[in-house]
Amino acid sequence: MALPAIEAVGLCKRYGARKALDGVSLTVAEGEILALLGPNGAGKTTFLEILEGLRLADEGRARVLGEDPATPRGRRRVQERIGVSLQSTSLFDTLTVAETLELFAALYPRRESAADLMARMGIADRARVRVGELSGGQRQRVVLALALVNRPDLVFLDEPTTGLDPVARRYVWDSIRDIAERGQTIVLTTHYMEEATRLARHVAIMDCGRIVAEGTPEGIVSALGLGVRVRVEAPGLTLAGEAVGVRSAVAGDDGWRIEADRAEPVVEWVFAQAREQGVDIRRLEVERATLEDAFVHLTGRDLA
Ligand SMILES: Nc1ncnc2c1ncn2[C@@H]1O[C@H](COP(=O)(O)OP(=O)(O)O)[C@@H](O)[C@H]1O
Ligand SMILES: [Mg+2]
């Protein structure tokens, strides 16, 4: 098996009395996208900065691309091979997009061409535009392009779409997928559940310096046994008898709200009853639990 891109074991970090990281262990396979999902203050940036060699952990150890970012030599080697977009990146507003990429590329021996990067990130038509005149989404794609100038094997993206509108966010997602399709490993942080679900098969939910759940989005949800909610709009329907795995069935003004382990037995039950009673089903909706529900379940708080 290939060496993992990242292996972190028991990382702890305190700022004074505050524990920013409280024993974080995590392995990221080569070529995958890991989404670290958690609210503000969860410790996401601290975790990334330790892996990037920008901060030292108080306890624990990490290997990044086989190197130890806590030693000067390891840090140098790690930093040559990673691409980083920080949570807030300052750019020179008066430089054009092309000039910005060329300026940063000049710092590295192994570099990607500015033209290729602009094409890949969908900003080729902005090449001669000053950075200060870009929209938020375009600016963020310049930041992504900058994270790629040194042809990194591993890319860290700290909240790549925070503050963007939904349309711009989707463009940035496309750019992130493009990076992943070329086999570069990606670690991104986000507090948007949808972003984690759409981009990553490997999600780690972080809260208060700890990883509280890890796996595929569906895996995390099903491991918690959160089940499904079935909403039925069918005025006059009464539900007699029972279906397998029903946790609760509450009648409302024009139908039912049913919580259950699985949807199928409930749907069959509802249809059978409606047929027997000659009642029309106007609407039937199955809602599966989401990562957001998982987060609330695990921490008692909302993500945002
Ligand atoms: N340089 C610092 N000095 C003191 N406290 C910090 C510092 N950086 C982060 N913290 C605190 O550590 C915790 C984790 O922060 P951070 O890693 O930035 O979380 P996130 O990126 O998930 O929002 C927060 O409570 C934050 O206030
Ligand atoms: Mg952060």
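Before moving on, here are some points about what is shown:
- Residue, nearest to PRO39 (Cα to Cα), within region 163-194, restricted to residues that are within 16 Å of ligand 1 (Cβ to nearest atom) and modelled with pLDDT of 95 or more: THR190
- Criterion: within 25 Å of the chain's Cα centre (by Cα) and within 16 Å of ligand 1 (Cβ to nearest atom) - qualifying residue of GLU159, GLU80, GLU59: GLU159
- Test result for THR162, closer than 19 Å to THR46 by Cα, surrounded by fewer than 23 Cβ atoms within 10 Å (Cβ to Cβ), in contact (Cβ under 8 Å) with a residue 60 or more places away in the chain and out of contact with any strand residue (DSSP E or B) (no Cβ under 7 Å at 6 or more places or on another chain): yes
- Selection status of ALA223, exposed (fewer than 14 other Cβ atoms within 10 Å of the Cβ), more than 18 Å from the chain's Cα centre (by Cα), within 30 Å of LEU36 (Cβ to Cβ) and not charged (D, E, K, R): yes
- Tally of residues being assigned to a strand (DSSP E or B), more than 10 Å from ligand 1 (Cβ to nearest atom) and on the phi < 0 side of the Ramachandran plot across region 1-21: 6
- First in region 31-48 and within 6 Å of ligand 1 (Cβ to nearest atom), second anywhere and part of a loop (DSSP other than H, G, I, E, B), Cβ under 6 Å, 6 or more apart: GLY43/GLY209; LYS44/GLY38; THR45/GLN87
- Just so you know, in region 22-62 the residues that are small (Gly, Ala, Ser), more than 16 Å from ligand 2 (Cβ to nearest atom) and not in a strand (DSSP E or B) include one that is farthest from LEU188 (Cα to Cα), and it is ALA57.
The values are calculated or read from the model by the stated rules, or taken from the named source; none is laboratory data. In this text, all values refer to a predicted model and were calculated from it rather than measured experimentally. When we count neighbours, we look across all protein chains shown, and the Cβ atoms used for this are built from the backbone with ideal geometry, even at glycine.
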